[in-house]
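The structure under discussion appears below in the form of structure tokens.
The values are calculated or read from the model by the stated rules, or taken from the named source; none is laboratory data. What you see is a predicted model, and the numbers here were worked out from it, not measured in a lab. Positions of Cβ are generated from backbone atoms using ideal geometry, with glycine treated the same way; all protein chains shown enter the neighbour counts.
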Amino acid sequence: MSSSHRARLAAVAGLAVMSMVAAACSSSSSGGGGGGTVSTPGITKTTITIGSHQPLTGIAAPGYDEIAPASNAYFQYVNAHGGIFGRKIIYKYLNDQYNPSITSTVVTQLVLKDKVFAIFNGLGTPTHLAVAPMLNSEHIPDVFVASGCECWNATSALPDTFGWQLDYVREGKILGSYIEQHFKGKKIGFFYQNDEFGQDGVKGLSDEIPKSQIVAEESYVPTNIKIAPQVAALKAKGAQVVVSFSVPAFTALLKLTMLGLKYTPQLVVSDVGSDPITLAGLLASFAKNKTAGFGNALTQGIITDGYLPSLGSTSNSWITLFKKIHDTYVPKLPFDGNVLYGMSVAYTFVQAMFKAGKNPTRESLISAINGGLPQGVSVAPYVYSATDHNGISGAYMGVIKNGALVPTGGVLVTDDTATGAVTAYTTPQLAAPASGIPSP
Amino acid sequence: MARSPDPRPAGRLGGLAAPTLVRHLGAAVLAGVVLLIGSNTIGDYRDYQLANVAVYVVAVAGLTLLIGLSGQISIGNGAFMAVGGYLAALLLADLKWPLIAILLAATAGAAVVGAIFGVAAARLRGPYLAGATLMLAVALPSVATRFQSVLGGDQGLGFFIGVPGFLGPNVSPYRWLAWVTCGAALVTMVLLANLIRSRTGRSWRAVRDDEIAAALAGLNVARLQILAFVVSAACAGLGGTLLAMWNQSVSPGLFSLTLSIQLLTAAVLGGLGSLTGAVLGSAIVVLPYTYLQNQAISLGMTTATGSNVPILAYGAVLIVVMLAFPAGIQGLLAWMVRASRVRQAVRWLTGPLARRASPGPSVHSAASGHPDQRSAPAAEPQEKGTT
């Protein structure tokens with residue numbers, strides 16, 4: 001064999017194999033389509049397939065990895081009780097490790113291979129930002145993103161994307177107005193995740209807290225767990241109150257680093273980073289301390305807010321309902337804020353799907369949410385409209401006591417502008433439906 | 001270890017270039033037609049996967065040339081991909097350049113960085129070079145978090161290029177993606193195949209096999225080694241741009257250390273120094289990943305465990321391949337072809353003809369020095385720099 005012959009063979013063989021592999025694989029994908037008689041992807045006569053990206057491993061996984069299983073538990077409950085107009089929900093969630101580049105890969109897989117009807121509750125601000133433009137360019141409903149970033153409220157650029165939880169600007173304003181009233185004249189420091197999650201929170205806080213009181217703004221990136229320099233800076237600037245917009249792992253790191261530096265300011269933590277059960281577990285695991293109550297002792301006194309009913313209020317009809325579903329479908333998970341979150345957002349999706357009609361299409365789901373949704377499990381109403389894609393509009397303030405969030409005041413609502421006031425919301429919350437399923 | 005695609009010393013220096021180029025171009029056009037037909041029939045998801053393989057082919061081809069031909073190791077080619085990817089994202093966002101200009105500029109940009117690093121690399125040998133490139137792969141992505149306002153931090157920058165208008169609405173974005181990436185892969189393969197068979201390619205092999213002998217023969221060892229780094233970095237830069245296009249964004253997580261290791265794995269699995277091996281290795285690293293992960297999870301493993309199964313499998317396969325078939329899959333295939341009874345049968349049938357035409361042993365075995373009775377493809381000369 002001559003050398004040129006060999007080189008040529010090498011090139012031909014290589015490329016031929018490449019095309020053959022692709023062609024051979026294609027035969028297995030032909031069965032993945034929607035099926036049934038309806039042409040909407042992901043909808044058959046008996047099923048609705050939806051997908052999500054979730055951090056099941058990695059830095060954001062502790063706590064957040066319970067959300068999708070909890071949502072799935074609620075869907076299983078609905079499926080067992082008649083489904084949505086007879087259709088069962090199939091919920092396929094893939095692990096993106098809170099890494100935006102993996103988010104893009106897994107969501108493309110969900111869209112192209114699994115042909116999902118919608119992306120539901122994709123978790124994380126930096127992660128979901130990587131896929132929202134693609135989902136909108138293909139008009140795939142991108143509903144109830146698990147992030148309070150204001151970026152989801154972009155009805156012209158992202159018309160098919162909807163937020164759900166209290167957005168970070170509103171949350172920042174509610175926390176900020178509380179701090180402004182209760183810590184007058186104290187030095188305030190911010191600790192936040194340096195992306196749109198933390199930046200939105202800081203925006204809301206700065207709307208309410210007088211500039212003269214803010215002495216330090218320190219940030220972290222999720223890939224770097226060494227936050228001692230930032231904490232030392234907060235201490236050096238003499239911050240007496242530290243407000244943290246962080247994921248649970250970084251709230252725990254913040255608390256432990258403060259402990260190490262003998263620095264004990266009042267901690268105020270946004271809802272997403274303050275679930276007491278998750279924090280207690282993380283604190284014990286990071287500090288390698290197995291003493292009973294170690295974690296709870298450290299979370300004692302953290303001020304935070306809540307937009308879902310408090311887990312401690314066992315007489316609340318929503319908590320009773322979700323506890324029952326939890327005990328049936330996901331008894332191994334702790335019944336904590338993440339499980340409550342997962343079930344609540346799943347309930348909202350079922351509300352929207354019922355409203356989208358007996359023969360749902362992607363368009364009918366979008367217009368159903370644009371028409372507004374009735375207040376469900378959240379303590380404040382939704383603001384959904386054709387021009388507003390934020391979700392829950394308010395929260396109550398609370399403090400962590402003995403490992404549980406205890407509300408300290410009534411529900412506060414506000415808007416996402418710099419000047420809109422924070423006001424009390426007094427309409428009482430409706431009880432959960434007896435069936436546990438929203439009425440069509 | 002690496003089998004040079006051209007084990008015979010080529011006797012002629014000139015005159016051969018044009019026919020070689022024509023042959024390689026012919027093969028590329030043929031493969032291009034197959035890929036074009038294929039991409040139109042396999043559906044969006046397979047197009048997306050095909051594009052992913054093509055992206056890896058571009059980067060792995062450059063790496064396999066660096067390690068297999070010039071004998072320098074790099075664990076850090078993911079860093080050069082990051083240079084290309086980020087440069088492309090900045091050019092798209094700030095200057096709105098057309099795609100072809102972005103691809104060329106990002107390739108050139110990575111080549112420049114490769115040249116600078118190559119100067120340092122040419123002074124390092126073996127594990128020291130490996131360590132230096134590893135450092136590059138670990139350190140470079142964090143530049144993006146340091147200069148967050150420009151490079152977007154952990155969140156990264158968007159890189160969204162739609163289907164050009166003239167193709168009409170019938171071409172899906174994923175088919176377009178497959179066309180661009182496969183086109184780039186074919187161009188890269190043709191250029192590298194010619195480079196490997198050129199005077200430069202032969203000089204690289206001389207340097208790889210014995211630096212002192214090569215220097216005594218009048219070759220500028222340092223310059224050749226830097227050139228290999230430049231070519232490898234250029235391929236990585238192009239691959240990084242295509243990866244950004246495939247991922248629709250660039251972020252530090254896209255160019256993690258895992259990516260650099262995957263490139264190395266693909267090059268070793270395929271067979272160092274072999275372009276065919278680069279294609280095979282890329283396909284093996286890319287395609288079974290999702291499948292393995294889904295299988296593991298459907299077998300009842302938790303997602304946390306299942307997510308790590310593909311990495312475990314690659315590690316195991318890499319160890320087995322290095323132990324049993326150091327020349328990689330391409331070497332294994334070549335050995336199987338040589339050793340197979342099919343070939344013996346063909347020889348037996350054609351033998352009398354060949355003997356009648358030219359008495360004596362066959363041209364191939366005499367010239368290549370690889371008798372068919374070889375037991376395994378392991379008897380390669382030990383190389384420097386690939387420890």
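Overview of results
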quantity: Positions within the stretch A:291-309 being under 15 Å from A:Val243 (Cα atoms) and not charged (D, E, K, R), in sequence order; calculated: A:Thr299, A:Gly301, A:Ile302, A:Ile303, A:Thr304
quantity: Subset tally (residues that are modelled with pLDDT under 85 and more than 7 Å from every other protein chain (Cβ to nearest Cβ)) for the stretch B:151-161; calculated: 2
quantity: Criterion (within 12 Å of chain A (Cβ to nearest Cβ), touching a residue at least 60 places away in the same chain (Cβ under 8 Å) and aliphatic (A, V, I, L, M)) met by exactly one of B:Leu227, B:Leu242, B:Leu264, B:Leu275; calculated: B:Leu275
quantity: Any hit, the stretch B:165-178, residues being crowded, with 24+ Cβ neighbours inside 10 Å, within 24 Å of A:Thr125 (Cβ to Cβ) and not polar (S, T, N, Q); calculated: no
quantity: Within the stretch A:213-231, tally of residues that are assigned to a helix (DSSP H, G or I) and hydrophobic (A, V, I, L, M, F, W, C); calculated: 2
quantity: Every residue from the stretch A:92-107 that is among the β-branched types (Val, Ile, Thr) and more than 8 Å from chain B (Cβ to nearest Cβ); calculated: A:Thr103, A:Val106, A:Val107
quantity: Residue in the stretch A:151-165 that is of a type in the set (Ser, Thr, Tyr), in contact with a helix residue (DSSP H, G or I) (Cβ under 7 Å, 6 or more places away or on another chain) and within 27 Å of A:Thr49 (Cα to Cα) present; calculated: yes
quantity: Members of the stretch A:108-126 found to be β-branched (Val, Ile, Thr) and more than 9 Å from chain B (Cβ to nearest Cβ), listed by number; calculated: A:Val116, A:Ile119
quantity: Residue in the stretch B:56-67 that is in contact with a helix residue (DSSP H, G or I) (Cβ under 6 Å, 6 or more places away or on another chain), touching a residue at least 12 places away in the same chain (Cβ under 8 Å), under 16 Å from B:Ala283 (Cα atoms) and within 9 Å of chain A (Cβ to nearest Cβ) present; calculated: yes
quantity: Where A:Ile188 falls short, out of the listed (1) surrounded by fewer than 24 Cβ atoms within 10 Å (Cβ to Cβ); (2) without any contact (Cβ under 8 Å) to a residue 60 or more places away in the chain; (3) over 19 Å from the mean Cα position of the chain (by Cα); calculated: (1)
quantity: Count - residues of the stretch B:83-128 that are over 23 Å from B:Gln248 (Cα atoms) and either touching a Lys or Arg at 6+ places or on another chain (Cβ under 9 Å) or not aliphatic (A, V, I, L, M) (or both); calculated: 9
quantity: Among the residues listed as B:Ser256, B:Ser232, the single one being touching a residue at least 24 places away in the same chain (Cβ under 8 Å) and either more than 14 Å from chain A (Cβ to nearest Cβ) or buried (at least 24 other Cβ atoms within 10 Å of the Cβ) (or both); calculated: B:Ser232
quantity: Which numbered condition B:Ala93 fails, given (1) more than 10 Å from every other protein chain (Cβ to nearest Cβ); (2) out of contact with any strand residue (DSSP E or B) (no Cβ under 7 Å at 6 or more places or on another chain); (3) surrounded by fewer than 24 Cβ atoms within 10 Å (Cβ to Cβ); calculated: (2)
quantity: Residue among A:Glu208, A:Glu171 that is of a type in the set (D, E, K, R), at pLDDT 90 or above, surrounded by 24 or more Cβ atoms within 10 Å (Cβ to Cβ) and more than 26 Å from A:Lys226 (Cβ to Cβ); calculated: A:Glu171
quantity: Pair list, Cβ < 8 Å and 6+ apart or interchain, from the stretch A:201-225 residues that are hydroxyl-bearing (Ser, Thr, Tyr) to residues that are part of a loop (DSSP other than H, G, I, E, B); calculated: A:Ser219/A:Asn194; A:Tyr220/A:Asn194; A:Tyr220/A:Ile227; A:Tyr220/A:Ser246; A:Thr223/A:Ile59
quantity: Residue within the stretch A:130-140 that is in contact with a helix residue (DSSP H, G or I) (Cβ under 6 Å, 6 or more places away or on another chain), surrounded by 24 or more Cβ atoms within 10 Å (Cβ to Cβ) and within 10 Å of chain B (Cβ to nearest Cβ) present; calculated: yes
quantity: Residue in the stretch B:200-218 that is touching a strand residue (DSSP E or B) at 6+ places or on another chain (Cβ under 6 Å) and within 11 Å of another protein chain (Cβ to nearest Cβ) present; calculated: no
quantity: Count - residues of the stretch A:37-88 that are among the aromatic types (Phe, Trp, Tyr) and assigned to a loop (DSSP other than H, G, I, E, B); calculated: 1
quantity: Test set (1) touching a Pro at 6+ places or on another chain (Cβ under 7 Å); (2) farther than 22 Å from B:Ser142 by Cβ; (3) not basic (Lys, Arg) - B:Ala82 fails condition number; calculated: (2)
quantity: Unmet criterion (only one of (1) in a helix (DSSP H, G or I); (2) of a type in the set (S, T, N, Q); (3) touching a residue at least 24 places away in the same chain (Cβ under 8 Å); (4) within 12 Å of chain B (Cβ to nearest Cβ)) for A:Ser177; calculated: (4)
quantity: Residue under evaluation B:Val285, criteria (1) farther than 24 Å from B:Gly183 by Cα; (2) more than 10 Å from every other protein chain (Cβ to nearest Cβ); (3) buried (at least 20 other Cβ atoms within 10 Å of the Cβ), criterion not met; calculated: (1)
quantity: Any hit, the stretch A:85-102, residues being surrounded by fewer than 24 Cβ atoms within 10 Å (Cβ to Cβ), out of contact with any strand residue (DSSP E or B) (no Cβ under 8 Å at 6 or more places or on another chain), touching a residue at least 40 places away in the same chain (Cβ under 8 Å) and under 25 Å from A:Ile325 (Cβ atoms); calculated: yes
quantity: Meets criteria (under 22 Å from B:Gly156 (Cα atoms), within 14 Å of the chain's Cα centre (by Cα) and of a type outside the set (D, E, K, R)) for A:Gly124; calculated: yes
quantity: Unique match (being more than 22 Å from the chain's Cα centre (by Cα) and modelled with pLDDT of 75 or more) among B:Val337, B:Val320, B:Val286, B:Val342; calculated: B:Val337
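For every residue, the table says whether it meets (1) polar (S, T, N, Q); (2) part of a helix (DSSP H, G or I); (3) modelled with pLDDT of 90 or more.
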residue: A:Ile90; (1), (2), (3): no, no, yes
residue: A:Thr108; (1), (2), (3): yes, yes, yes
residue: A:Val111; (1), (2), (3): no, yes, yes
residue: A:Val116; (1), (2), (3): no, no, yes
residue: A:His128; (1), (2), (3): no, yes, yes
residue: A:Val145; (1), (2), (3): no, no, yes
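Results for (1) more than 30 Å from A:Gln300 (Cβ to Cβ); (2) among the acidic types (Asp, Glu); (3) crowded, with 22+ Cβ neighbours inside 10 Å, shown as yes or no for each residue.
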site	(1), (2), (3)
A:Thr361	yes, no, no
A:Asn370	yes, no, no
A:Pro374	yes, no, no
A:Ala380	no, no, yes
A:His389	yes, no, yes
